[in-house]
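Scroll down for the structure; my scribbles are underneath it.
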Amino acid sequence: MPGDHGETPPTARGNTGETPPTAHGITGETPPTARGITGETLLDVRGLTVEYVSEQGSVRACDDVSFTVRRGEILGVAGESGSGKSTLITALTRLERPPAVTTAGEILFRPRGAAKPVDLVGLLERDLRKLRWRDMAIVLQSAMNALNPVMRLEAQFTDVLREHDCTLSRRTARERTAELLTLVGLTAGQANRYPHELSGGTRQRATIALALACGPDLVVMDEPTTAVDVVMQRQILANLLRLRERLAFAVVFVTHDLSLLVELADRIAIMYAGRIVEIGTAADLYHHPRHPYTEGLRASFPPLREPVRRLSGIPGSPPDLRDPPPGCAFHPRCPQRFAPCDSVLPVLGPVGDQQVACLLHTGGPTLGHARKERTDDALGH
């Protein structure tokens, strides 16, 4: 560990004691302390690895990803484009298609009433079909592409409802559809509309209602507010929180917007180059980010109520996963890198109440000596 070498580690920007800028997500208020996380483990992902296979070789889009989700919890997943977030989502729901292949790991999911969890990786398609919508559902990024353009909403809802309850009459399905649309702030009359007749925000609300149709324990959301304006984003997310409180489902919410997750999520996982580099509560990642990449994301969104300041951002671009850099994948862009970073791959490990994959915190065999070798170039001077 760093303290074992008797040397002071490079100062992390997130630990300077400065007042953090206000998040601009749902409410515009400073995020509260961590919300209570209770309940048994619903989803346990262990060492998940997903590769895209081609004649030129394999590209590892998710690399040894591990995390848990408890019942009723909102887990946010953030990172730049190309970090592996969408690949993770399709792997969790087993919706990946060739050339994507899950090459290692387990996805242990515990449906209601199950004596023990099932490993989704090993399930056949017919068994997965029984779980989808009833126990786990997905809200995709583009509602226009997710909904069938030649079917009215009512017909699409009826298909889902009757697929998992063949005794359900069409009249009951129609009433349930109206109830679901009302839950997300729409009217029963909109069930007779085609998707192209609805606004982007209305379509997105409809897909959320569709995901909740069979009362799933887990809802996976892939950037569901990307295509809507900030006013509609606020309404959708406020509605999501209200529904979570009422229906007690868990959420895995993927986005590139960390400031949004600070106010929405109970815990947040930060992904970079296919790996999780930090996991912690929303409050911990907001006030005390440990990984330099998390610090960079944290420093890149502006405050609302503080004096104007220059935003630092993160220099450079994410790595090409066809030829990732050795050691820590973030080291070419990291302002705090030192000698082992370009040769030693950091492993996700506990640092206080968080989990971090960074040699600044988890250490290495030559850490004490290497810190003396940090150069001004590494700090960007």
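The values are calculated or read from the model by the stated rules, or taken from the named source; none is laboratory data. Because the structure is a prediction, the values reported are computed rather than measured. Because the Cβ atoms are built from the backbone with ideal geometry, glycine has one as well, and the counts that use them run over all protein chains shown. Ligands, DNA and RNA are stripped out before the accessible areas are found, and what is left, the full protein with its side chains, is counted by its heavy atoms. Shrake-Rupley method; radii C 1.70, N 1.55, O 1.52, S 1.80 Å.
Taking 0.36 nm per residue of sequence separation and subtracting the Cα-Cα distance, how much length would be gained by fully extending the chain between Ser54 and Ser199, in nm to one decimal? Write out the running numbers ahead of the final one.
Working: separation 145, 0.36 × 145 = 52.20 nm, distance 3.89 nm.
That works out to 48.3 nm of additional length.
Just read off the accessible area of Thr187 with the full protein assembly in place, 1.4 Å probe, to the nearest 10 Å².
80 Å²
From the P(r) of segment 218-338, could you give the percentage of C-alpha pairs in the tail past 17 Å? Write out the running numbers ahead of the final one.
Working: 4600 of 7260 pairs.
Taking all Cα-Cα pairs of segment 218-338, the fraction more than 17 Å apart is 63 percent.
Please report, as a whole percent, how much of the solvent-accessible surface of segment 144-215 comes from carbon and sulfur atoms (probe radius 1.4 Å).
Values: 1630 of 3470 Å².
Solvent-exposed carbon and sulfur of segment 144-215 make up 47 percent of the total.
Would you kindly calculate the translational diffusion coefficient of segment 58-200, applying Stokes-Einstein with the Kirkwood radius from alpha carbon pairs, for 20 °C and a viscosity of 1.002 mPa s, and quote it in µm² s⁻¹ without decimals? Walk me through the numbers on the way to the answer.
Values: Rh = 17.7 Å.
The estimated diffusion coefficient comes to 121 µm²/s.
Taking segment 233-310, which trypsin sites (Lys or Arg not before Pro) meet the DSSP loop condition and have no more than 14 other C-beta atoms within 10 Å? Please report the intermediate quantities before stating the final value.
Details: sites: Arg234, Arg242, Arg244, Arg246, Arg267, Arg275, Arg290, Arg298, Arg305, Arg309, Arg310; in loops: Arg290, Arg305, Arg309, Arg310.
Counting only loop positions with at most 14 other Cβ atoms within 10 Å, the trypsin sites (Lys or Arg not before Pro) in segment 233-310 are Arg305, Arg309, Arg310.
From the C-alpha coordinates alone, can you work out the Kirkwood hydrodynamic radius of segment 44-118, in Å? Provide the component values of the computation, followed by the final result.
Working: mean 1/r = 0.0746 Å⁻¹.
For segment 44-118, the Kirkwood estimate is 13.4 Å.
Compute the Rg to Rh ratio over segment 174-288 from the alpha carbon atoms, using the Kirkwood formula for Rh, and round to two decimal places. Can you show the working numbers first?
Details: Rg = 15.4 Å, Rh = 15.4 Å.
Here Rg/Rh amounts to 1.01.
Report the local net charge at Ser81: Lys and Arg +1, Asp and Glu -1, summed over other residues whose C-beta lies under 14 Å from its C-beta. Before the final figure, lay out each step's value.
Details: positive: Lys85; negative: Glu80, Asp222, Glu223, Asp257, Asp320.
Around Ser81, the surrounding residues sum to -4.
Using a cut-off of 10 Å between beta-carbons, work out the net charge of the residues near Pro195 (Lys and Arg +1, Asp and Glu -1, Pro195 not included).
Details: positive: Arg152, Arg193, Arg203; negative: Glu197.
The answer is +2.
Roughly how far apart, in whole Å, are the Cα centres of segment 149-218 and segment 97-142?
Taking the Cα centre of segment 97-142 as reference, the centre of segment 149-218 is 23 Å away.
Dividing the alpha-carbon radius of gyration of segment 144-215 by 2.2 N^0.38 Å (N being the number of residues), what value is obtained?
My calculation over the Cα atoms of segment 144-215 gives 0.99.
Which loop-located chymotrypsin sites (Phe, Trp or Tyr not before Pro) does segment 231-288 contain, where loop means any DSSP state but H, G, I, E or B and the Cβ has at most 12 other Cβ atoms within 10 Å?
On the way: sites: Phe249, Phe253, Tyr272, Tyr286; in loops: Phe249.
Answer in residue order: no site qualifies.
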